[in-house]
Amino acid sequence: MSPSAPLVLGIESSCDETGVGIVRGTELLVNAVASSMEEHVRFGGVIPEIASRAHLDAFVPTLESALKDAGVSLAEIDAIAVTSGPGLSGALMVGVSAAKALALATGKPLYAINHLVAHVGVGILDGGELPENLGALLVSGGHTEILQVNSLTSDVRLLGATIDDAAGEAYDKVARLLGLGYPGGPVIDRIAKEGDPKAIRFPRGLTLPKFIGTEEDPGKHRHDFSFSGLKTAVARCVEQYQKRGEEVPVADIAASFQEAVVDVITSKAVRACREHGLTNLLLGGGVAANSRLRELLAARCSSAGITLRVPPRSLCTDNGAMVAALGAQLVADNVLPSGLKFSTDSGQPVSLISLAV
Ligand code: KG4
Ligand code: ZN
């Protein structure tokens, strides 16, 4: 990487990870993350107020350790990038306030950027330039989307998204129903290996013809997801066993639930890619760690002639390096910074890659 490539500091605080990353162009220098997950365990899900307070406590130490590990000073940074949305309002506000304070104190340009597009931007740190005809499948505790990435810095479109729970949220809720604790994804992933994925046929949300439609006449929810019906079906199933006084077959339910989630996600992602001419797919979000998702997605992408890219786990979960990576691309493409007057936008659409002045 040339020394003239922009040195960018990225700040992420949209959920329960306080992330500070530093990149030089497409080179990752540091990816410091402090997570407040432990503080949410007893509630079985992220509590926004607790996450916001944890960001306040973690920000300065995380920033200091990132600068130290990268061996750079704030004065050397060319630009600062921060997630302005989508995410939890209070949590976003902590990162954005910190970023504005740093920008004001140092006089560095500040970019207010989209968290979802940053998940795609991380791809440049892992394999360099992004390919053409790129799609992205983002699956985490807070979001589930399929994106079409025509240009990382100027043209990203939403093809489909969940209309209720996010995929990771469904894992967390089902794990709670099964008494498996939080976060639910890793434990269900593990226990599912001991169960039969065909034991129970759970519903596949938004896969009926009335939602999908046809290629010529697509249904309203052709590329969208819904997981709340699946969660309810698991709850009813557990209740039936309990009512009969029978032991709940936890491994079979976990495996069958996981198969329903992964079947829908992979088939919808591949359909969206095929219909939009996307021959490359980048996977992101915490659920990207799921072994069955990786396996089935790899198989279905391969059959459809789609090249799948899965960044390492530390870059898939929420982090500051992805924010810095997208920031560096915006600087390189001469996109104007956002100034200091922007607000957080908990529903920031993917079309708003960075906020304009
Ligand atoms: O991206 P992430 O770290 O954080 C946010 O959502 O903000 O994703 C966390 C989510 C949780 O819902 C967790 O249960 C899920 O990712 N997850 C998994 C696995 N590992 C983490 N879901 C399924 N299988 C896994 N192996
Ligand atoms: Zn995320």
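For segment 193-308, a Kirkwood radius taken over Cα pairs fed into Stokes-Einstein (20 °C, viscosity 1.002 mPa s) yields D = 138 µm²/s.
Find out how many positive minus negative residues lie around THR18, taking Lys and Arg as positive, Asp and Glu as negative, among other residues whose Cβ is under 9 Å from that of THR18. With Lys, Arg at +1 and Asp, Glu at -1, the neighbours total -4. Overall, the chain carries a charge dipole of about 600 debye about its Cα centre when +1 sits on the Cβ of Lys and Arg and -1 on the Cβ of Asp and Glu, all other atoms neutral. Rounded to the nearest 10 square angstrom, MET37 shows an accessible area of 60 square angstrom against a 1.4 Å probe.
If I compute solvent accessible area with a 1.4 Å probe over the protein chains, what percent of it on segment 15-169 is carbon and sulfur?
Values: 3050 of 5890 Å².
About 52 percent, which is the carbon plus sulfur part of the accessible surface.
Around PRO312, under 13 Å between beta carbons, what's the net of Lys plus Arg minus Asp minus Glu among the other residues? Surrounding charge for PRO312 is +2. Of VAL323, VAL117, VAL331, the residue with the greatest mean-square motion in the GNM of the chain, using alpha carbon springs below 10 Å, is VAL331. For segment 300-354, the share of accessible area belonging to carbon and sulfur comes to 51 percent (1.4 Å probe, ligands and nucleic acids excluded).
Before I look further, what does segment 233-334 give for accessible area per residue, probe 1.4 Å, in whole square angstrom? Provide the component values of the computation, followed by the final result.
On the way: 3730 Å² over 102 residues.
It amounts to 37 Å² per residue over segment 233-334.
For the chain, the longest principal axis of the C-alpha atoms and the axis of helix 291-304 are separated by about 90°. Say the dipole of the chain comes from +1 at the beta carbon of Lys and Arg and -1 at that of Asp and Glu; which of ILE253, GLY181, TYR241 then lies farthest toward its positive end? After comparing all options, I get TYR241. Approximating the spin labels as points 7 Å out from Cα along Cα→Cβ, the GLU76-to-ASP155 distance works out to 3.8 nm. Charging the Cβ of each Asp and Glu at -1 and of each Lys and Arg at +1, and nothing else, the dipole of segment 89-205 about its Cα centre rounds to 260 debye. Sorted largest first by accessible area at a 1.4 angstrom probe radius, with every protein chain in place, the residues HIS223, HIS276 fall in the order HIS276, HIS223. Entry comment: accessible area of segment 13-132 is 40 Å² per residue, from protein heavy atoms only and a probe of 1.4 Å.
Once every DSSP H run of n ≥ 4 in the chain is given -39500 (n - 2.57) and the sum is divided by its residues, what mean residue ellipticity at 222 nm do you get, rounded to the nearest 500 deg cm²/dmol? Each step should come with its number before you reach the end.
Numbers: 12 runs with 149 residues, N = 357.
Rounded to the nearest 500, the figure is -13000 deg cm²/dmol.
Can you pick out the pairs among LYS100/LYS173; LYS68/LYS193; LYS231/LYS341; LYS220/LYS243; LYS220/LYS341; LYS193/LYS231 whose Cα atoms lie more than 30 Å from each other? Before the final figure, lay out the partial values.
Working: LYS100/LYS173 36 Å; LYS68/LYS193 42 Å; LYS231/LYS341 41 Å; LYS220/LYS243 38 Å; LYS220/LYS341 37 Å; LYS193/LYS231 20 Å.
Pairs exceeding 30 Å: LYS100/LYS173; LYS68/LYS193; LYS231/LYS341; LYS220/LYS243; LYS220/LYS341.
Here the Gaussian network model covers the chain, with springs between Cα atoms less than 10 Å apart; of ASP189, ASP217, ASP252, ASP217 fluctuates the most.
The values are calculated or read from the model by the stated rules, or taken from the named source; none is laboratory data. What you see is a predicted model; the values in this text were computed from it and never measured. Note: ideal-geometry Cβ built from the backbone for every residue, glycine included; neighbour counts use all protein chains shown. Accessible surface is based on the protein model in full, side chains and every heavy atom, while ligands, DNA and RNA are left aside. Shrake-Rupley method; radii C 1.70, N 1.55, O 1.52, S 1.80 Å.
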